[in-house]
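We did not get these values from a lab; they are worked out from the coordinates using the rules stated. These figures come from a predicted structure and were not determined experimentally. Methodologically, a virtual Cβ is constructed for each residue, glycine included, from the backbone with ideal geometry; neighbour enumeration extends over all protein chains shown.
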Amino acid sequence: MAQKTLLKGRVLSFNGSPFKGDPTDAAELHEGVLIEDGHIAALGTAHDLSKAYPDAEVKEYGTHLIMAGFVDPHVHYPQTAIIASWGKRLIDWLNSYTFPEEMKFGDPAYAAEIANRYLNLTAAHGTTTMCSFCTIHPESVEAFFAAAQSRGQRVVAGKTCMDRNAPEGLRDTAQTGYDQSRALLEKWHGVDRVSYAITPRFSPTSTPEQLEAMGALWAEHPDCLMQTHLSEQTDEIEWVRSLFPEARDYLDTYEQFGLLGSKGLYGHAIHLEDRERDRLREMDAALIHCPTSNTFIGSGLFDMNGLIQAGHKVGLATDTGGGSSFSMLRTMAAAYEIGQLRGRPLHPSQLLWLGTVGSARTLRMEDRVGNVTVGMEADLVVLNLASTPAIAQREAGADDVWEAVFPTIMMGDDRAVADVWIAGRLRE
Ligand SMILES: [Zn+2]
């Protein structure tokens, strides 16, 4: 008989979008969640669940908040070792810090070391699923997938393709980019909990020929995600304009090569023109907001409210290591702060939804991860809402769960993460 585990605590489940109507109406609280065979089998009161499953192993979490593990849909795991590098803006940041570090990932041992370090750091912060850029080296993809597979994690990643404007040793070609991406995709996509994402870094580092080859590969494998960057900084947009003089705008450099679609993930998307917004919405493409990166690199203020109200699909991500934290709590805090600068404070329900359900939707995985409902995979984070004295004194006076959780969103870190469950197993 399958092992059953009953977690008791304050269980947070979403039944709709907190961006429609009262943000608190989209959430439900339960007293327990029953895990069986790596999946969520039941939710309910502690009394009912104990009665229905008398043989379940019980884990008591008291007033801790049990919710879906965080989903981080835009990261660069190879930038783990250069996070918080000082003083550059996007293009200089890539040349000064990113490219020299990414050069090392042809070495499988180094790639494995960083992949494991990254997955340890993020699990400690409660993140259970992520979508990562790798480097141009197939070894970097192999290392990441192998590390995630050994932990039973649901992850997405792809070989980052670049065939120009990158240093020697960090360039492929249109053909080798296509061939290596296809081989990795065929080997890994759909194996255990691993998925492949076709990954041109961004238009400035790919020739039209490479973008065309990536578009062809996506057309051949339409069930895959495609991830890239879009309109992060104004200097970058000018550069794209000079590299693609025929294009209508930045988005068009993807669109004309078959790289715009509902399974496309577009990181940043800050300085969008009206045509770009319209096309992204028509195609139901995913926009990934990376707030700590946007402030750290000085990129700009994402229009969360305007884009969501217009019907865009939006996820929330760290953008490690352009982002300055591995923590999705810190990322939610930064999203809150950017919302404030744009005159719209996000409700705690909206912040938690963005970092779980919203991000899972961008990965087209909302039926598997990112929420605590029956049938979902049991990837959970257990948050201690009184993890430091400063947070505890705020939580003690809270009238409801939102007041109780907001200080943890704003001030919490890995000390707030009491436990992490991956596919129904407690992470040691
Ligand atoms: Zn990025």
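Numbers for the structure displayed
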{"quantity": "Additional length obtainable on full extension of the chain from E168 to W402, 0.36 nm per residue less Cα span", "calculated": "79.1 nm"}
{"quantity": "Dipole axis of the chain (+1 Lys, Arg; -1 Asp, Glu on Cβ), positive-most option in S387, M162, L341", "calculated": "S387"}
{"quantity": "Over the chain, equivalent-ellipsoid semi-axes from the Cα gyration tensor in Å", "calculated": "36, 24, 20"}
{"quantity": "Point-to-point label distance, L341-A183, nm (Cα→Cβ direction, 7 Å offset)", "calculated": "4.4"}
{"quantity": "Simple spin-label estimate for E28 and N305 in nanometres, 7 Å along Cα-Cβ", "calculated": "3.1"}
{"quantity": "Gain on full stretching of the segment that runs from H39 to E238 - 0.36 nm per residue minus C-alpha separation", "calculated": "66.9 nm"}
{"quantity": "Computed label-point distance, nm, for sites A392 and R275 using a 7 Å Cα→Cβ extension", "calculated": "5.9"}
{"quantity": "Computed lengthening from D192 to S96, 0.36 nm per intervening residue step minus Cα-Cα distance", "calculated": "30.9 nm"}
{"quantity": "Per-pair calculated FRET efficiency, R0 = 41 Å: E246 and R415 via Cβ, rounded to 0.05", "calculated": "0.20"}
{"quantity": "Calculated log₁₀ intensity ratio I(q)/I(0) where the Debye formula runs over C-alpha points of the range 127-228, q = 0.17, 0.18, 0.24 Å⁻¹", "calculated": "-0.68, -0.75, -1.25"}
{"quantity": "Computed FRET value (nearest 0.05) for T176 with R425, which takes r as the C-beta separation and R₀ as 45 Å", "calculated": "0.70"}
{"quantity": "Only Lys, Arg (+1) and Asp, Glu (-1) charged, at Cβ; the chain dipole about Cα centre in debye", "calculated": "420"}
{"quantity": "Shape of the range 359-428, Cα gyration tensor, a/c cut at 1.5", "calculated": "prolate"}
{"quantity": "Stokes-Einstein diffusion coefficient of the range 257-314, Kirkwood radius over Cα pairs, 4 °C, 1.567 mPa s, in µm²/s", "calculated": "111"}
{"quantity": "18 Å cut-off, amide nitrogen to a point 7 angstrom out along H47 Cα→Cβ, residues in the range 1-38", "calculated": "8-11, 29-33"}
{"quantity": "Lysine pairs meeting the criterion (Cα under 28 Å, 8 or more apart or interchain), as found in the chain", "calculated": "16"}
{"quantity": "The range 338-405-the range 1-48 distance, computed between alpha-carbon centres (Å)", "calculated": "14"}
{"quantity": "Cα centroid separation, the range 92-147 to the range 303-328 (Å)", "calculated": "21"}
{"quantity": "Near-label residues of the range 110-138 by backbone N, under 13 Å of a point 7 Å along Cα→Cβ of A84", "calculated": "none"}
{"quantity": "Trypsin sites (Lys or Arg not before Pro) within the range 319-428, DSSP loop, no more than 12 other Cβ atoms inside 10 Å", "calculated": "none"}
{"quantity": "In Å, descending, principal axis extents of the Cα set of the range 1-138", "calculated": "59, 43, 24"}
{"quantity": "Computed magnitude of the charge dipole of the range 143-297 (debye, nearest 20; Cβ of K, R +1, Cβ of D, E -1)", "calculated": "700"}
{"quantity": "MRE, 222 nm, helices only [DSSP H, n ≥ 4, -39500 (n - 2.57), over the chain, to nearest 500]", "calculated": "-10000 deg cm²/dmol"}
{"quantity": "DSSP-defined beta bridges in the chain - what % are antiparallel, rounded to 5", "calculated": "40"}
{"quantity": "Relative contact order of the chain, defined on C-alpha pairs under 8 angstrom at six or more residues apart (%)", "calculated": "19"}
{"quantity": "Dmax and Rg, reported as Rg then Dmax, of the range 169-251 (C-alpha, Å)", "calculated": "14.0, 43"}
